[in-house]
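The values are calculated or read from the model by the stated rules, or taken from the named source; none is laboratory data. All values derive from a computational prediction rather than experimental measurement. Note that each Cβ is placed from the backbone with ideal geometry, even for glycine, and that neighbours are counted across all protein chains shown.
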Amino acid sequence: MALLARCDAPTFTLPGVHFTTLSAPSRGARENAVWEVTLEPGVAGSPHVLTREETFVALEGSAVADIDGERCELAAGSALVVAPGRRFSLSNPGPASFRALAVFPVGGQVQVEGKPQFTPPWAA
């Protein structure tokens, strides 16, 4: 058993998006990485493709997911499962921050168009 304190969790920041690593291989996890993602109001999503399934559990606010051109709203209390190989983005067009937990299997990678696959640092 490993208890991972949030106060020791690293946070990675992109413009308007914050990722706080709750569990990942760098913190002792072997099977799944889990992080909290916060999208500030007005953030447009960055399209990417996943090599493994990713699950989001919305905790606060709402966001718009685009999966292969199909849009859906993710609101607090709901979950979204993104299958591998699908073009995916998550945006926050609303006036309040959106916060969710994300679960991604260890070894999963992300492909951004025109770039090599990589493991996000918050999942490593």
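Here are some conditions: (1) crowded, with 18+ Cβ neighbours inside 10 Å; (2) at pLDDT below 95. E113 meets all but one. Which one does it not meet?
Exception for E113: condition (1).
Which residues, counting only those in the range 79-124, are small (G, A, S) and farther than 28 Å from R30 by Cβ?
S89, S91, G94, A96, S97, G114
Checking L59 against (1) part of a strand (DSSP E or B); (2) under 24 Å from L3 (Cβ atoms); (3) within 12 Å of the chain's Cα centre (by Cα): exactly one of these is not met. Which one?
Failed condition: (3).
Identify, by number, the condition in (1) free of Cβ contacts under 8 Å to residues at least 60 places away in the same chain; (2) in contact with a His (Cβ under 6 Å, 6 or more places away or on another chain) that A96 doesn't meet.
(2)
Just to be sure I understand, how many residues within the range 1-42 are small (G, A, S), part of a loop (DSSP other than H, G, I, E, B) and either surrounded by fewer than 18 Cβ atoms within 10 Å (Cβ to Cβ) or free of Cβ contacts under 8 Å to residues at least 24 places away in the same chain (or both)?
7
Rundown of residues vs (1) out of contact with any Gly (no Cβ under 9 Å at 6 or more places or on another chain); (2) surrounded by fewer than 17 Cβ atoms within 10 Å (Cβ to Cβ); (3) among the hydrophobic types (A, V, I, L, M, F, W, C), yes/no style:
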site: E60; (1), (2), (3): yes, yes, no
site: D66; (1), (2), (3): no, yes, no
site: G69; (1), (2), (3): yes, yes, no
site: C72; (1), (2), (3): yes, yes, yes
site: A76; (1), (2), (3): no, yes, yes
site: L80; (1), (2), (3): yes, no, yes
site: P93; (1), (2), (3): no, yes, no
site: F104; (1), (2), (3): yes, no, yes
site: G108; (1), (2), (3): yes, no, no
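Report, ordered by the first and then the second residue, all pairs with beta carbons closer than 7 Å, sequence separation of six or more or different chains, a first member in the range 99-124 that is part of a loop (DSSP other than H, G, I, E, B), and a second member that is aliphatic (A, V, I, L, M).
V106/A29; V106/A33; G108/L50; G108/A123; Q117/V110; P120/V110; A124/A24
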